[in-house]
Amino acid sequence: MPDVVALGELLIDFAAEGAGEDGYPVLRAQPGGAPANFLAALAKYGAKTALIGKVGADAFGALLLDTLRRAGIETRGVVEDPEAFTTLAFVTLDGRGERTFSFARKPGADTLLRAGEVDFGLIGEAHCFHFGSLSLTDEPARAATRAAAACARAAAACARAGGKLVTFDPNLRRPLWRDLAEARRQMLWGMGQADVVKLSGEEGEFLFSAGPERTARILLEEYGVALAFVTLGPGGCYCATRRHSCTVPAPAGIRPVDTTGAGDIFGGAAVCRLLELGKAPEALEREELADVARFACAAAGLSTQRRGGIPSVPGRDEVEALLAGARPSFVSSL
């Protein structure tokens, strides 16, 4: 029985590693996709995980499935499509390790997942169901995602009733949306399905024209979210429930080389700690809330010192060593 099931894209990131004599980038292929990165963190820290999605019946699809299995992620929910290519993402990095994406996805296999191909049994078995916005960009994957979220919500009303936890990451990728107004509508729909939402400060500005504290307040008060994380890159994280809130700084001494997947790894690490605590999100005490955010910030920060998404997840011993060496304080807001 899986602890966490995620639905969404599994793809190849081609990351630039310098340029050739003619100026064209030299690219390194790496496994990725936000839900896969998210699950890789959970699996690394001991959770049982499974992915629902679609890849092409091609060499990259086979490589990705093998990578998931070696990472400890169950793959029986991943469909291989002989009529579509595995989705490809091309990542360029600036001098701070910040990335820009371009996609070969017109269509990519991940967008072609149908509701009839979703393994609803996996969702019913799991303690937590996770999804993001990239599976909402196109049909039929949008309908499949909505059906999966409905299954998760029906399996147990919400974490507050002791049932299944639903988590969502809007993960804005502007080039994948034909219309940013539609992007906002779909992301807001996702917020309304979730008990836990992790989004970046940039996404809070896009969705609500708001800073971290107001973004979290909107999620809690208007969308029924029980726990909101607003990640701030080198600024750490602001997190809030209806009872408590705090700001946790990023670990000191981190020099990023590649931020690909850092937000996903934050999310996976945070959900792992939440499951380990065994408490509903709204029942967390202030120090427990800060503990979850500290662990997630440390995992995400360490991941930026390595390249890629799935391959960059640090071990628990590395995270705990970082926390033990410089236990970050937190700033109480409530």
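The values are calculated or read from the model by the stated rules, or taken from the named source; none is laboratory data. Remember, predicted model here, so these are calculated numbers, not experimental data. Surface areas here come from the heavy atoms of the whole protein model, side chains and all, with no ligands, DNA or RNA. Shrake-Rupley method; radii C 1.70, N 1.55, O 1.52, S 1.80 Å.
Per-structure values
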quantity: Residue-by-residue Karplus 3J(HN,Hα) for region 223-236, coefficients 6.51, -1.76, 1.60, Hz, glycine and proline x; calculated: 10, x, 5, 8, 8, 10, 10, 10, 7, 10, x, x, x, x
quantity: Whole-Hz couplings from phi, Karplus 6.51/-1.76/1.60, listed for region 213-218; x for Gly and Pro; calculated: 5, 5, 4, 4, 5, 4
quantity: Under-5 Å amide H pairs with I52, H placed in peptide plane, nonlocal only; calculated: A6, L7, G8
quantity: Using distinct alpha-carbon pairs, which all enter the 1/r mean, Kirkwood radius of region 11-108 in Å; calculated: 14.4
quantity: With all protein chains modelled, accessible area of V118 [1.4 Å, Å²]; calculated: 10
quantity: Antiparallel bridges, percent of DSSP beta bridges restricted to the chain (to nearest 5); calculated: 45
quantity: Cα-based radius of gyration of the chain once divided by 2.2 N^0.38 Å, which approximates compact folds; calculated: 0.92
quantity: Most mobile listed residue (D169, D179, D291) in the chain, GNM with C-alpha springs under 10 Å; calculated: D179
quantity: In Å², nearest 10: area of V196 left accessible to a 1.4 Å probe; calculated: 10
quantity: GNM result for the chain, Cα springs below 10 Å: residue of S200, S102, S245 fluctuating most strongly; calculated: S102
quantity: Rg to Rh quotient for region 225-277, alpha carbon positions, Kirkwood Rh; calculated: 0.99
quantity: D13 long-range amide H proximity, modeled H, under 5 Å; calculated: Q30, G32, A89
quantity: Normalised alpha carbon radius of gyration of region 262-307 [divisor 2.2 N^0.38 Å]; calculated: 1.17
quantity: Rg over Rh [alpha-carbon atoms, Kirkwood Rh] for region 175-334; calculated: 0.96
